[in-house]
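Note sheet for the following structure.
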Amino acid sequence: MSTQIERAAQMLFPDEGGRTLNIKFFCGGVENNISAESLAEQVVRAEVQIRAGSARLVENVDSHLTPVT
Amino acid sequence: MQFQELYLYAEGLPHPPVGFDFLRAKVKAFHPSIARVDVFRVEYPVPNRQAHYRLGDRERTSPYDDEHDVAEIIYCHALEADAREMRYALTKELMHIFDSPAAMVDTAEKFRQFLREIQNKPLPADSSAMLLSELDTRWMAALILCPKKFRDQYVADYKSKKLQNFDIAEIFDIPEWVAPFVMDDYYESAFKKLLPDLPV
């Protein structure tokens with residue numbers, strides 16, 4: 001098993017601490033030609049940024065939309 | 001909270017588009033086990049315009065704590081180049097709050113299997129509930145961003161070519177590639193399967 005896959009698995013499902021109850025990918029239903037390794041790398045890089053506090057929390061996704069009342 | 005309840009909030013809006021923030025506010029208010037939906041922007045060295053969903057609680061130290069879970073949707077910063085693509089991607093990921101227990105990827109072993117399934121694209125008969133949920137959410141996002149009450153108003157003009165994919169994308173604020181399958185007759189079949197208690 002690749003290092004990235006094992007590293008991602010360990011980050012998401014540690015022996016102790018906050019566990020992951022579900023994880024899914026946008027590409028899973030809409031895109032071809034993606035490797036397990038690249039998905040794992042995506043998770044690892046994201047987890048590192050979230051845990052380090054460098055990922056930005058986005059409060060307003062719809063800022064470009066006409067406000068819906 | 002069931003998918004149907006969230007869908008009915010979307011259909012109850014006065015007009016499209018249906019906002020992602022509107023949907024996540026309803027989830028926060030009415031989903032019994034999800035405290036909130038956090039959206040994180042991350043950067044990858046090679047931008048991939050991807051997103052993923054994670055359910056859990058980073059602060060919880062004991063599995064026996066009586067705390068609600070947090071749904072996280074994490075996206076690549078490059079998705080921001082296309083606001084419609086980003087909103088569809090985030091909405092598709094949000095739909096995983098409705099995953100059945102069998103579809104949950106909640107152990108390291110399932111995670112490894114799931115990654116291989118996405119990579120290998122197995123035949124439908126060999127696909128797990130985990131992988132099939134990815135196809136369900138593709139349609140759930142399409143239905144909730146294009147509620148039937150609004151979508152049906154444009155079907156005749158779309159079929160007669162008065163409206164193009166561009167127009168449908170403008171009305172619902174969706175990617176243009178989503179418009180053809182939203183306006184296709186299969187929409188009715190997906191609606192019946194995913195919202196079986198609502199009239200067609």
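Rundown of residues vs (1) more than 9 Å from chain A (Cβ to nearest Cβ); (2) on the phi < 0 side of the Ramachandran plot; (3) of a type in the set (S, T, N, Q), yes/no style:
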residue	(1), (2), (3)
B:H68	yes, yes, no
B:A71	no, yes, no
B:Y75	no, yes, no
B:A83	no, yes, no
B:T107	no, yes, yes
B:L123	yes, yes, no
B:D136	no, yes, no
B:L145	yes, yes, no
B:Y158	yes, yes, no
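Which condition number in (1) assigned to a helix (DSSP H, G or I); (2) closer than 22 Å to B:L6 by Cα is the one that B:D157 fails?
So the condition that B:D157 fails would be (2).
What is the residue count in the stretch A:24-49 for residues that are in a helix (DSSP H, G or I), modelled with pLDDT under 95 and β-branched (V, I, T)?
Result for the stretch A:24-49: 1.
Among the residues of the stretch B:18-35, how many are surrounded by 17 or more Cβ atoms within 10 Å (Cβ to Cβ), farther than 26 Å from A:Q49 by Cα and over 15 Å from the mean Cα position of the chain (by Cα)?
Of the residues in the stretch B:18-35, 1 are surrounded by 17 or more Cβ atoms within 10 Å (Cβ to Cβ), farther than 26 Å from A:Q49 by Cα and over 15 Å from the mean Cα position of the chain (by Cα).
Consider B:L94 carefully, then state whether it is within 30 Å of A:F13 (Cα to Cα) and touching a strand residue (DSSP E or B) at 6+ places or on another chain (Cβ under 6 Å). Before the answer, list the steps.
Numbers: within 30 Å of A:F13 (Cα to Cα): yes; touching a strand residue (DSSP E or B) at 6+ places or on another chain (Cβ under 6 Å): no.
So B:L94 fails the test.
Test B:L132 against the criterion of being farther than 26 Å from A:Q10 by Cβ, at pLDDT below 95 and in contact with a helix residue (DSSP H, G or I) (Cβ under 9 Å, 6 or more places away or on another chain), and give yes or no. It would help to see each step written out before you state the result.
Numbers: farther than 26 Å from A:Q10 by Cβ: yes; at pLDDT below 95: yes; in contact with a helix residue (DSSP H, G or I) (Cβ under 9 Å, 6 or more places away or on another chain): yes.
For B:L132, the condition - farther than 26 Å from A:Q10 by Cβ, at pLDDT below 95 and in contact with a helix residue (DSSP H, G or I) (Cβ under 9 Å, 6 or more places away or on another chain) - is met.
Suppose we filter the stretch B:90-102 for residues that are more than 8 Å from chain A (Cβ to nearest Cβ) and touching a residue at least 24 places away in the same chain (Cβ under 8 Å); how many remain? Quick ask: steps written out before the conclusion?
Narrowing the stretch B:90-102 to residues more than 8 Å from chain A (Cβ to nearest Cβ): B:91, B:94-95, B:97-98, B:100-102.
Cutting the leftovers down to touching a residue at least 24 places away in the same chain (Cβ under 8 Å) gives us B:91, B:94-95, B:97-98, B:100, B:102.
So the answer is 7.
Could you grab the pairs with beta carbons closer than 7 Å, sequence gap of 6+ or different chains, first residue in the stretch B:162-174 and closer than 24 Å to B:M140 by Cβ and in contact (Cβ under 8 Å) with a residue 40 or more places away in the chain, second one hydrophobic (A, V, I, L, M, F, W, C) and part of a helix (DSSP H, G or I)?
B:A169/B:A179; B:F172/B:L145; B:I174/B:L145
Pairs, please: C-beta under 7 Å, at least 6 apart or cross-chain, first residue closer than 18 Å to B:M86 by Cβ and in the stretch B:26-47, second acidic (D, E)?
Close Cβ pairs (under 7 Å, with a partner that is acidic (D, E)) amount to B:D38/B:E72; B:F40/B:E72.
Based on what the data block shows, is B:D38 within 11 Å of another protein chain (Cβ to nearest Cβ), under 16 Å from the mean Cα position of the chain (by Cα), not polar (S, T, N, Q) and not in a helix (DSSP H, G or I)?
Details: within 11 Å of another protein chain (Cβ to nearest Cβ): yes; under 16 Å from the mean Cα position of the chain (by Cα): yes; not polar (S, T, N, Q): yes; not in a helix (DSSP H, G or I): yes.
Yes: the conditions hold for B:D38.
Could you check the stretch B:29-42 and list, in sequence order, the residues that are out of contact with any Asp or Glu (no Cβ under 8 Å at 6 or more places or on another chain) and modelled with pLDDT under 95?
Narrowing the stretch B:29-42 to residues out of contact with any Asp or Glu (no Cβ under 8 Å at 6 or more places or on another chain): B:29, B:31-32, B:36, B:42.
Selection gives B:A29, B:H31, B:P32, B:R36.
The values are calculated or read from the model by the stated rules, or taken from the named source; none is laboratory data. Not measured: the values here are computed from a predicted model. Here the Cβ is made from the backbone with ideal geometry for all residues, glycine too, and neighbour counts use every protein chain on show.
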